[in-house]
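The values are calculated or read from the model by the stated rules, or taken from the named source; none is laboratory data. Everything numeric in this text was worked out from a predicted model, so none of it was measured. Counting neighbours? That spans all protein chains shown, and the Cβs are built from the backbone with ideal geometry, glycine included.
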Amino acid sequence: MSPRNFLVTATPPTTNGDLHVGHLSGPYLGADVFARAQRMLGHTVLYASGGDDHQTYVVTTAQRLGEEPTELAARCTEEIRETLGLAGVDIDAFTSPDEAYRTEVREFFAGLYRQGKLKRRLWSFPFCADTDRFLVEAFATGYCPECLIETCGAICESCGHPNDVNSLLYPTASGAAADAETEPRAVEILVLPLEDYRERFVDFYRARAATMRPHVLRFVEEMLSRPLPDFPVTYPAAWGVPVGIAGFEGQVFNVWAEMLPALGIMTETARARRLPDRTADVWAADSGFELVQFLGYDNTFYFAFAHLGLVWAHGGLVEPTAIITNEFYHLEGSKFSTSRRHLIWARDLVGKYGADNVRFYLTLANPEHQTADFREPEFVSVVRTRLHEPLAAIRSALAPRIGQSTSSSPSIDAILVRYRDRMSRAYSLETFSLRLAADTSANLLALLAARAADDPSLAVTGLKAFAEQTAPVMPDLARQLADLLGAADTVPDLTDLTITAL
């Protein structure tokens, strides 16, 4: 297989709090395992993300906590960086907006405006005098007109369909008095007319069907069943990157539009750190890099339509090769919720049980195609049964044979060839699956544990294959095993093998 070049992005997390377990189980772990696996296979990878400081949720959370939004965002950015590190997420760049960033974002959209790619539209926004702001994004709540669930403005977290506050059912102003009234105000904004790119969307997703998850393709089909909306690139608000174009004073860029050039800035930072000798723009269409984007399903509209439309409007940027979504990860039957304190912080779980235990379980029970549910007793039971106990059984069975010679055989080789082939499918772009990687390796461990006493050669050779192939999932454990097993064909002493006790 020829070496490939991958740009890997994980949706920038909103910097209004640290990462909880639901966050970690999604784009950040998925992208990390994918990036590690591609490097293991000899490919070049840049993995980038960064703090999404300009979400209106930063403002609403700061108000609830009695903090300044800028201080909250800065603090949470550092917390998120630390949590990613504790969880063993080896990210090349996790950036934070600065003045150079804001200048680059403005220049990106100014260029599109000069080329006539962005259109002026008169847009009606409800204005709330009680909060002194227009109802955009998190400043508005209501019910989704598509699936009827309660949601905030801009996007429905449940079905992923976009909305504006005028299409929300029974919209109200977040943080306002119960009897606060709103009045419609017409504001001229800039939009990207997505319907203009309909045929390109149809052709693109037909060609990319093999590398898009089924839920993404179903969502695309739903969106294309009706006229595509104009995507607001700017809106009237004070929090965000000021537009800086005459006639649009008092407006900032829609944070989800901002995210496209932001991801380019983040990947360039990653390039400067990991590939300093490679000076070409890795975000350019002719860079030779394949863009693989990890995100929660609820963000699909922005990546599958808004960002792709902006890429085509620009004309010189890399298109996504794959959009890899995950579904919601619930906690004991209901959604993780910071406001209701219904959550487990990722750093607390990792601190209690260790990164490898957490990574193993979150890959094994990953919500990659369907909603999953986290329950701590089940987590402990599954990790103990499928990881700790097999390792302990192998160590016990091999202890009397330490130092004895081992050798492979055609039957052992055949077993491990099939194992490696299955792991290759789990790690390959077109069939990437965290669940398959963890489950296949756990099954191998169970087989080795059952046969170790009778066939130490299978146990030793199999452990070497296990250490090699599970390094993207459990890097610390894999490193320990590789060191203890060494290159010699003898039964190793596994006494010093350590993994956080449950």
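General remarks:
- Test for Pro475: is it surrounded by 20 or more Cβ atoms within 10 Å (Cβ to Cβ) and not hydrophobic (A, V, I, L, M, F, W, C): no
- Leading residue by the ranking (farthest from Asn326 (Cα to Cα)) among those in the range 19-47 that are in contact with a Leu (Cβ under 7 Å, 6 or more places away or on another chain) and hydrophobic (A, V, I, L, M, F, W, C): Leu46
- If you check Phe109, Phe94 for being buried (at least 21 other Cβ atoms within 10 Å of the Cβ), farther than 30 Å from Leu29 by Cβ and of a type outside the set (Val, Ile, Thr), only one passes: Phe109.
- Of the residues making up the range 128-137, those that are out of contact with any Gly (no Cβ under 7 Å at 6 or more places or on another chain) and crowded, with 18+ Cβ neighbours inside 10 Å are Cys128, Arg133, Phe134.
- Checked against the criterion of being surrounded by fewer than 16 Cβ atoms within 10 Å (Cβ to Cβ) and of a type in the set (A, V, I, L, M), the range 208-216 contains one or more residues that satisfy it.
- Residue within the range 217-228 that is at pLDDT 95 or above and closer than 30 Å to Ala246 by Cα present: yes
- Residue within the range 166-180 that is loosely packed, with under 13 Cβ neighbours inside 10 Å, in contact with an Asp or Glu (Cβ under 8 Å, 6 or more places away or on another chain) and farther than 25 Å from Leu260 by Cα present: yes
- Residue match in the range 184-207 (condition: crowded, with 20+ Cβ neighbours inside 10 Å and at pLDDT below 95): no
- Qualifying residue in the range 361-377 (condition: modelled with pLDDT of 95 or more, under 30 Å from His215 (Cβ atoms) and among the polar types (S, T, N, Q)): yes
- Residue in the range 117-125 that is within 16 Å of Pro236 (Cα to Cα), of a type outside the set (S, T, N, Q) and surrounded by 18 or more Cβ atoms within 10 Å (Cβ to Cβ) present: yes
- Any hit, the range 284-293, residues being surrounded by 15 or more Cβ atoms within 10 Å (Cβ to Cβ) and in contact with a Lys or Arg (Cβ under 6 Å, 6 or more places away or on another chain): no
- Inside the range 1-29, residues that are under 13 Å from Leu429 (Cα atoms), surrounded by fewer than 24 Cβ atoms within 10 Å (Cβ to Cβ) and in contact with a helix residue (DSSP H, G or I) (Cβ under 8 Å, 6 or more places away or on another chain) make up a count of 2.
- Lone qualifier among Ser396, Ser409 - being in contact with a Ser or Thr (Cβ under 9 Å, 6 or more places away or on another chain) and of a type outside the set (Asp, Glu): Ser409
- Residue pairs whose Cβ atoms lie under 6 Å apart, sitting 6 or more positions apart in sequence or on different chains, and linking a residue in the range 126-148 that is assigned by TED's automatic domain parsing to the domain that holds Val59 and in a loop (DSSP other than H, G, I, E, B) to a partner that is at pLDDT 85 or above and aliphatic (A, V, I, L, M), are Val136/Ala237; Pro145/Leu169.
- The single condition among (1) loosely packed, with under 15 Cβ neighbours inside 10 Å; (2) under 28 Å from the mean Cα position of the chain (by Cα); (3) without any contact (Cβ under 8 Å) to a residue 60 or more places away in the chain that Glu82 does not meet is (3).
- Residue satisfying condition, being in contact (Cβ under 8 Å) with a residue 12 or more places away in the chain and under 30 Å from Pro12 (Cβ atoms), within set Ala397, Ala355: Ala355
- Pick from the range 271-322, criterion over 19 Å from Pro193 (Cα atoms) and of a type in the set (Asp, Glu), ranking: farthest from the chain's Cα centre (by Cα): Asp277
- Scanning the range 392-432 for residues that are of a type in the set (S, T, N, Q), part of a loop (DSSP other than H, G, I, E, B) and either outside the structural domain of Asp455 (by TED's automatic domain parsing) or surrounded by fewer than 18 Cβ atoms within 10 Å (Cβ to Cβ) (or both) turns up Gln404, Ser407, Ser408, Ser409, Ser428.
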